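Below: the structure, in structure tokens.
The values are calculated or read from the model by the stated rules, or taken from the named source; none is laboratory data. It should be emphasised that the depicted structure is a prediction, and the values quoted were computed from it without experimental measurement. Here the Cβ positions follow ideal geometry from the backbone for every residue, glycine too, while neighbour counts run over all protein chains shown.
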Amino acid sequence: MRNNRDRVLAGRRALLAAPLLLPGLARAQAYPDRPVRIIVPFAPGGATDLAARILQPHLQEAFGQPIVIENRAGAAGNVGMEAAARAAPDGYTLYLGNVGTLAVNPSVFSRTLKVRPTEDFAAVSLVSDTPDGLVAHPAAPFNTVAELAAYAKANPGKVNYGSPGAGSLNRLEMELLREQAGGLDMVHVPYPGGAGPAVTAAVAGDVHCLFVTLSSAVGQVQGGRLKALAVTTATRAAVLPAVPTMAESGYPDFIASSWQGMLLPTGAPAAILARWHAVLGQVLQLAEVKRRFAQAATEPVASASPAGFAGFIAGEQARWGALVQRAGATAE
């Protein structure tokens, strides 16, 4: 008899407590119930910002809430990355990082960076992959990678190359070429402010050549203001099908690209992370998204799982970090 009464009392207490639990449960199930922001650590107009703006309307439709893109540029992307890492891990702030901020900067800014991407973020998925290209001024005395290497060896210190910064991926790509070519004596000319100023310098003939995100230079190549010597991906770029890869140019181990990926601050609910991974996978398959990315000389790419993307970031950090150390390309 006592056991029955206890069960009845316990049931009444559960019913009384239910109204207190349901609002929290409803909020979790209704995510998102307010606008969500995506922090882009660069100014508008670059490859990462473009990826965010291509995805934005489709993410808004999928989630039923405004998706606000917040550009937080500065310090090679570190300002925005640190702001995203400090955000509340409630699923209402995401971070769209790239190979530079997530894989290169931890080594280039090893003494000053306040964020450790593999610890302070939960990886969600890759979203895009953009080939880089080795481009040169039309009057440069070389038309292929082999001719560039031969000319640099015959004229030590007379070939200068631009980059978007001393610790940028594009500078590291040139360091990789110099290394794989057996040591090329070339002069580095950094142009802070992203790819734009460096490309402008190449068009003006202020530098002979540079590696650059293909989306930032394809218009100049198609217009004849720059010539493309090679692309850095494993296969040729659809937007410039006549341009060989670095592997076809005699450097089989030279593969690189400028990729972007979505992350949440560490501690975000697992259910929210899983939902973002699923939604991104669906949006990246949309024909309109594929068309827009193709116009920008890039392609949508989704990670098979958040864990797979996390492992990819760790591998890229190790790869580029080792080259930073060999080249002495730190920012300090």
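Here are a few things to note about the model shown:
- Filtering segment 87-101 to residues that are assigned to a helix (DSSP H, G or I) and either touching a Phe, Trp or Tyr at 6+ places or on another chain (Cβ under 8 Å) or farther than 20 Å from S128 by Cβ (or both) leaves only V99.
- Test for V218: is it β-branched (V, I, T), outside the structural domain of A83 (by TED's automatic domain parsing) and within 19 Å of the chain's Cα centre (by Cα): yes
- Test: residue in segment 113-128 that is among the hydrophobic types (A, V, I, L, M, F, W, C) and either in a helix (DSSP H, G or I) or more than 27 Å from the chain's Cα centre (by Cα) (or both): no
- Residues satisfying the stated conditions in segment 282-332, i.e. assigned to a loop (DSSP other than H, G, I, E, B) and more than 16 Å from the chain's Cα centre (by Cα): Q285, L286, A304, S305, G328, A329, T330, A331, E332
- Neighbours by Cβ (under 9 Å, 6+ apart or cross-chain): first from segment 287-300, among the aromatic types (F, W, Y); second part of a loop (DSSP other than H, G, I, E, B) and buried (at least 19 other Cβ atoms within 10 Å of the Cβ): F293/L284
- Every residue from segment 152-167 that is at pLDDT below 95 and among the hydroxyl-bearing types (S, T, Y): S163
- Tally of residues being crowded, with 16+ Cβ neighbours inside 10 Å and without any contact (Cβ under 8 Å) to a residue 12 or more places away in the chain across segment 237-251: 0
- Test: L263 is at pLDDT 95 or above and either among the charged types (D, E, K, R) or buried (at least 16 other Cβ atoms within 10 Å of the Cβ) (or both): yes
- A181 passes every criterion in (1) buried (at least 20 other Cβ atoms within 10 Å of the Cβ); (2) touching a helix residue (DSSP H, G or I) at 6+ places or on another chain (Cβ under 6 Å) apart from (1).
- Residue ID - surrounded by the fewest Cβ atoms within 10 Å (Cβ to Cβ), chosen from residues in segment 205-236 that are farther than 23 Å from A146 by Cβ and without any contact (Cβ under 8 Å) to a residue 24 or more places away in the chain: G223
- Among the residues listed as A140, A198, A149, the single one being modelled with pLDDT under 95 and not assigned by TED's automatic domain parsing to the domain that holds A310: A198
- For segment 72-86, a residue qualifies if it is assigned to a helix (DSSP H, G or I) and in contact with a helix residue (DSSP H, G or I) (Cβ under 7 Å, 6 or more places away or on another chain), and the qualifying residues are A76, G77, N78, M81, A85.
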